[in-house]
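So the structure is just underneath, and the comments pick up after that.
The values are calculated or read from the model by the stated rules, or taken from the named source; none is laboratory data. Quantities reported herein were computed from a predicted structural model and do not represent experimental measurements. Virtual Cβ from ideal backbone geometry, glycine too; neighbours counted across all protein chains shown. These area figures cover heavy atoms from the full protein model, side chains too; ligands, DNA and RNA do not enter into them. Shrake-Rupley method; radii C 1.70, N 1.55, O 1.52, S 1.80 Å.
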Amino acid sequence: MTLPPLAFIGGGNMATAMVQGLRRAPSPPPITVSEPRAEQRALLRDLGVAVTADNRAAVAAARVVVLAIKPQIAAEVVPELATAWTPAHCLISILAGTTTARLAGWLPPGARIVRAMPNTPLAIGLGMVGLCAGAHATPEDLAVAEELFAPCARVLRLADEQQMDAVTAVSGSGPAYVFRTAEALVAAAEQLGLARCEAELLVEQTLVGAVAYLRERGIAQAAQLRRAVTSPGGTTAAALAVLEAADYSGLWCRALAAAAQRGRELAAAPSG
Ligand SMILES: NC(=O)c1ccc[n+]([C@@H]2O[C@H](COP(=O)([O-])OP(=O)(O)OC[C@H]3O[C@@H](n4cnc5c(N)ncnc54)[C@H](OP(=O)(O)O)[C@@H]3O)[C@@H](O)[C@H]2O)c1
């Protein structure tokens, strides 16, 4: 499929990651990014895309518009896009918590909207994206959205938009959990007397190796792979006992529930 001309509204972290990912596509579409900050526009221009500070001009130059601003300013920005909107446009929103129904209220009646929840490893071609259709989105719109992310991510389509808060909690925010774990492991390794560079090498290669092993065997084998490292009464068992005593599984349940709840709060926030 040849992707139609694209515009990004907001050229921050996620838009930059997506632009980097799209450069992997066999034939990348023309891309315009609208971004208020001049330094950020210069960085994006260096990635080979057209840049502007005029959101309406970006919409006019595109058929598919990727909304990549913070959810908190959507009520201010999206109604402005409506003045340049035509029936030929499709909106792909990556905003956490903001429902397609809410976005539709700011656009002309019948506007086609797809909601997507990507994550930052998309910048290196290893992203994960959840997708669902708004009320008027067509199968072709979903296919375009899938094609947009395919060069840099695996895509999961969801039939029920309410599941997007769970997707946000698991894979949207998920890379931060891994990065936080890496930070904690490095700090704990230093506490055991290792130099910082030694701790970083040990932790980085262990995380990379363990994840590659998991992928090769399949995530359904996670418990089996864990048991293979855990001799009864051994060192790994001693460490895992500390984590279990702190209710490790319960901690993750509470963390993910807090992220999903925050998504619902963002969705329910007054439209400003
Ligand atoms: N980061 C993630 O891992 C992640 C994952 C999944 C989904 N998301 C979603 O992706 C969206 C963007 O997140 P992000 O991390 O990329 O945020 P970000 O880095 O802050 O990017 C947003 C960009 O929008 C620009 N902007 C501000 N006002 C604007 C306006 N009126 N018109 C056009 N652009 C404007 C901002 O410029 P200034 O800096 O000058 O304000 C900034 O460059 C959020 O809705 C978030 O929920 C993020």
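Annotations
- Residues that are more than 17 Å from the chain's Cα centre (by Cα), small (Gly, Ala, Ser) and within 13 Å of the ligand (Cβ to nearest atom), drawn from the range 1-42: ALA7, SER34, ALA38, ALA42
- The number of residues in the range 234-272 being modelled with pLDDT of 95 or more and open to solvent by 80 Å² or more (accessible area, probe 1.4 Å) comes to 9.
- Note on the range 209-234: residues that are under 20 Å from VAL178 (Cα atoms) and either assigned by TED's automatic domain parsing to the domain that holds ARG154 or not in a helix (DSSP H, G or I) (or both) amount to 1.
- Only residues that are within 9 Å of the ligand (Cβ to nearest atom) and open to solvent by less than 70 Å² (accessible area, probe 1.4 Å) were counted across the range 55-72, and they come to 6.
Residues checked against (1) touching a residue at least 12 places away in the same chain (Cβ under 8 Å); (2) in contact with a Pro (Cβ under 7 Å, 6 or more places away or on another chain):
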| site | (1), (2) |
| --- | --- |
| THR120 | yes, yes |
| GLU140 | no, no |
| GLN162 | no, no |
| GLY174 | yes, no |
| GLU183 | no, no |
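- Selection count, the range 120-133, where residues are at pLDDT 95 or above and open to solvent by 10 Å² or more (accessible area, probe 1.4 Å): 2
- Per the conditions (1) among the charged types (D, E, K, R); (2) surrounded by fewer than 16 Cβ atoms within 10 Å (Cβ to Cβ); (3) under 17 Å from the mean Cα position of the chain (by Cα); (4) assigned to a helix (DSSP H, G or I), the sole criterion not satisfied by GLU183 is (3).
- Listed by first and then second residue, the pairs with beta-carbon distance under 6 Å, at least 6 apart or on different chains, first residue in the range 74-87 and over 15 Å from ALA62 (Cβ atoms), second surrounded by fewer than 18 Cβ atoms within 10 Å (Cβ to Cβ) and of a type in the set (Gly, Ala, Ser), are ALA75/SER271; ALA75/GLY272.
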